[in-house]
Amino acid sequence: LASAMVAGIPEAIRSQLRVVVGPAMGAVLVSYECARSLGQRSLFTERENGQMRLRRGFALEPGEGVLVVEDITTTGGSTRECMDAVRAAGGRVLAVSAIIDRSPGGIADFDGIPYFPLLRLPVQTWRPEECPLCVAGTPAVKPGSRALR
């Protein structure tokens, strides 16, 4: 999968990538395997006091070209936080990739940064007042790695 993710990124971008970064926990292995496929370094971000940062001891060179990867993108929130952490550490996000993009409409937006998901699998979302399950009184369930704390 990682090789396919990397292959989907145009050579003009791939040739500038020096580091692959993914948010913990879901994208740590994805980051490692994509970096291995590129022959580059792999780093990851993690939450520290509620804020996403590069793991302690990790560093980026100023302007270093970074690919941010995810396992699954739904809202893109973790991806954006990871991108912010990369920028705060001096890196330059050149592209974003994910194994699966299940964002509403299948088109996640990362502020103009090129995005290359392996598979687009859009899911329907509703505002709470329009959600048939919410209207029926079904309790909300929030799956995802953030609930693993």
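Residues in the stretch 104-149 that are surrounded by 11 or more Cβ atoms within 10 Å (Cβ to Cβ), modelled with pLDDT of 80 or more and on the phi > 0 side of the Ramachandran plot: none. Checked across the stretch 27-41, the condition of being among the β-branched types (Val, Ile, Thr), farther than 18 Å from residue 64 by Cβ and in contact (Cβ under 8 Å) with a residue 40 or more places away in the chain holds for at least one residue. Restricting the stretch 18-47 to residues that are of a type in the set (Val, Ile, Thr) and in a helix (DSSP H, G or I), the residue that is farthest from residue 7 (Cα to Cα) is 28.
Inspection of the stretch 63-82 finds no residue satisfying the criterion of being basic (Lys, Arg) and in contact with a strand residue (DSSP E or B) (Cβ under 8 Å, 6 or more places away or on another chain). Among the residues of the stretch 17-32, just one is at pLDDT 95 or above and surrounded by fewer than 18 Cβ atoms within 10 Å (Cβ to Cβ), namely 29.
The values are calculated or read from the model by the stated rules, or taken from the named source; none is laboratory data. Predicted model only: the values in this text are computed from it and were never measured. Note that each Cβ is placed from the backbone with ideal geometry, even for glycine, and that neighbours are counted across all protein chains shown.
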